[in-house]
Amino acid sequence: MTAETTFKLTYATMYNPPEELHQRFDEALAEAKATLGREYGMIINGEEYFAAEKVEDRSPIHTDWVLGFFQKGTERDAQNALAAARKAFPGWAATPWQERVALVRKAADLINQRVFEIGAKLALEVGKNRMESLGDVAESADLYRYACTMMEAHDGYVKEMGIDPLAGYQVSNISVLRPYGVWVVISPFNFPAALTGGPVAHALVAGNTVVMKPATDTPWVPRMIAECLRDAGVPAGVFNYVTGPGRSLGQALIDSPDVNGITFTGSYDVGMGIYRDYAKGKYIRPIVLELGGKNPAIVSRHANLDDAAIGIVRSIFGLQGQKCSACSRVFVEAPVYDALVERLVNLTGKLAVGDPTERNVYMGPVINKSAYADYQAFCTDLGQHGRILTGGKVLTEGAMAKGYFVAPTLVDELPLDHRLWKQEMFLPIATIARVQSLDEAMRLANDVDYGLTAGFYGAEDELAWFEDKIEAGVTYMNRPQGATTGAWPGFQPFGGWKGSGAIGKNMGGWHYLPVYMREQIRTRVRKA
Ligand SMILES: NC(=O)c1ccc[n+]([C@@H]2O[C@H](COP(=O)([O-])OP(=O)(O)OC[C@H]3O[C@@H](n4cnc5c(N)ncnc54)[C@H](O)[C@@H]3O)[C@@H](O)[C@H]2O)c1
Ligand SMILES: N[C@@H](CCC=O)C(=O)O
């Protein structure tokens, strides 16, 4: 990004971009729109593969916009991609880690060089606003670099251990982290750049070869990420990109005995199914699961209510509530309840909803017809059992008639035993409750199967209590930029507890890369 020297784009800094960012996004968008409708192959063993059946990738902004045609890959394609990755593994694993790092860094540079092109296409494909779209792409490049930095910081994870005193012998004990083999990366629709690129980069830097399968709704952006790897010179077969339905092609990847490790990012239900199926293999193999969230914000009577309101609204409605980190539950101490709710409703009313490629729009459409139908069903239920403070309806006026647009929705007075306090809706809907104490808020906040992100607004002397008690992998306090959203690699490594994540180590952080490697101790003894 040219403005990079003066402006570091993250989800927390995106609110004051330099003018140049807008100009370059607009240029890239015009170019992307002029080249819609191409066909894209899968990339297996460095070659384009075309399936008998194709899938149309349509924009959720306007369903007449056909972005491209993608391959409806089959179980056979899954097997071919795994075979290519298996064949490439010995060479890639034997490549000095410094060379692997150099190639992955080169790919990161290409992602940065293409950030506007990929960002514009991402906005069209996901319906994400322009700054969040550019952020997703920039985050992907930063995750690549973070993986490289970690490899270097740990000197390739080769470490001399203590020397056991064996009289008459010389001993050397070395610990080495080595790759597992073939790694499958399955990504969700909502961060097609960062959550495809991040796990892929870590697997590759560690020396694994990769088969990557993006979500059916968003194959285009991962294809461009794949092209960056290819153009950087990552050898054929080391990285393979396949597209097709999760239940057939995806399931074939999960069921294959040729897989040595998996990173799955997606919903709890699909992730748990994969976990169980994968466990049917002959022995235990590593699996990284990054699953859903039901993220709370707690507001104390001592909070700065303006900071709380803006941070909460940004986190409820960013990407239309379709972030695993989205704030979907708000617990407010009674003395400040009315004042906070008034601010939340007021700010929500000011959110611009529409074509998210336009510079002043904050909220675009939801991803597809099924999410659009879910929104309507949830709102009917919430209206019957709670009080809809704002929103609760689909938006069909003017240019929105051809897309999946819905109103940002806030609900209160929903009985605390209603299922929608616990179920991830993954839509721009949040429920708000009045609590009598912070302890009550904490009990409710933790009373879900998830534990991804959480936010708190209150006095300085309440913060340590919050940090200690909350069950979540990523926590934010007094943050107007986002109550529960907006993590950035190297600043806020991202991962969940409980039903939100399986490994207890966060991506973009110090402890994550070793997950993609297994330890070998090398003890050599010779007579002194
Ligand atoms: N914890 C995190 O870091 C994180 C980040 C982003 C999204 N998410 C979660 O992802 C979900 C939204 O994304 P989604 O709707 O794309 O999720 P999803 O679970 O529907 O799909 C995720 C991926 O799994 C594939 N898939 C589906 N069935 C499969 C099967 N049987 N075998 C193999 N692959 C299969 C899909 O094609 C897609 O690529 C939300 O629950 C959200 O919270 C979590
Ligand atoms: N990393 C993103 C969330 C990714 C999940 O969907 C955030 O921190 O808001």
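The values are calculated or read from the model by the stated rules, or taken from the named source; none is laboratory data. Everything quoted here is computed from the prediction, not taken from an experiment. So basically every Cβ, Gly included, is an ideal-geometry build from the backbone, and we count neighbours across all protein chains shown. Quick note on the areas: whole protein, heavy atoms, side chains included, nothing else; ligands and nucleic acids left out. Shrake-Rupley method; radii C 1.70, N 1.55, O 1.52, S 1.80 Å.
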Practice task
Note down all Cβ pairs under 6 Å where the first residue falls in segment 255-275 and is closer than 17 Å to residue 204 by Cβ, the second is part of a loop (DSSP other than H, G, I, E, B) and within 16 Å of ligand 2 (Cβ to nearest atom), and they're at least six residues apart or on different chains.
Solution key: 265/187; 265/188
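Picking from 153, 141, which residue would you name as being open to solvent by 10 Å² or more (accessible area, probe 1.4 Å), of a type outside the set (Ser, Thr, Tyr) and within 19 Å of residue 493 (Cβ to Cβ)?
Numbers: 141 fails: open to solvent by 10 Å² or more (accessible area, probe 1.4 Å).
That would be 153, the only listed residue that is open to solvent by 10 Å² or more (accessible area, probe 1.4 Å), of a type outside the set (Ser, Thr, Tyr) and within 19 Å of residue 493 (Cβ to Cβ).
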Problem - Filtered residue count, segment 14-57, keeping only those that are among the polar types (S, T, N, Q) and either closer than 30 Å to residue 78 by Cβ or outside the structural domain of residue 213 (by TED's automatic domain parsing) (or both) - result: 2
Exercise for the section: Kindly indicate whether residue 89 is open to solvent by less than 50 Å² (accessible area, probe 1.4 Å), under 26 Å from residue 251 (Cα atoms) and part of a helix (DSSP H, G or I). Expected result: yes
Exercise for the section: Filter segment 233-245 down to residues that are part of a loop (DSSP other than H, G, I, E, B) and more than 11 Å from ligand 1 (Cβ to nearest atom) and give me whichever is most open to solvent (accessible area, probe 1.4 Å). Expected result: 235
Practice task
State the number of residues belonging to segment 58-79 that are open to solvent by 80 Å² or more (accessible area, probe 1.4 Å) and within 24 Å of the chain's Cα centre (by Cα).
Solution key: 1
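Output the number of residues of segment 36-57 satisfying the condition of being in a loop (DSSP other than H, G, I, E, B) and open to solvent by 80 Å² or more (accessible area, probe 1.4 Å). If you could, list the steps in order and put the result at the bottom.
Step one: of segment 36-57, the residues in a loop (DSSP other than H, G, I, E, B) are 36-37, 40-41, 45-46, 50-53.
Subsequent filtering for residues that are open to solvent by 80 Å² or more (accessible area, probe 1.4 Å) retains 50, 52-53.
Total meeting the criteria: 3.
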Handout entry: Options 509, 495: the member that is over 26 Å from residue 364 (Cβ atoms) and surrounded by fewer than 23 Cβ atoms within 10 Å (Cβ to Cβ)
Key = 509
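Okay, residues lined up against (1) within 16 Å of ligand 2 (Cβ to nearest atom); (2) open to solvent by less than 10 Å² (accessible area, probe 1.4 Å):
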| residue | (1), (2) |
| --- | --- |
| 198 | yes, yes |
| 205 | no, yes |
| 217 | yes, no |
| 231 | no, no |
| 265 | yes, no |
| 287 | no, no |
| 294 | yes, yes |
Practice task
Kindly indicate whether residue 248 is open to solvent by less than 30 Å² (accessible area, probe 1.4 Å), within 15 Å of ligand 1 (Cβ to nearest atom) and touching a Ser or Thr at 6+ places or on another chain (Cβ under 8 Å).
Solution key: no
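What about residue 330, is it open to solvent by less than 20 Å² (accessible area, probe 1.4 Å) and either touching a residue at least 60 places away in the same chain (Cβ under 8 Å) or not assigned by TED's automatic domain parsing to the domain that holds residue 59 (or both)? Before the answer, list the steps.
Numbers: open to solvent by less than 20 Å² (accessible area, probe 1.4 Å): yes; either touching a residue at least 60 places away in the same chain (Cβ under 8 Å) or not assigned by TED's automatic domain parsing to the domain that holds residue 59 (or both): yes.
Judged against the criteria, residue 330 is a match.
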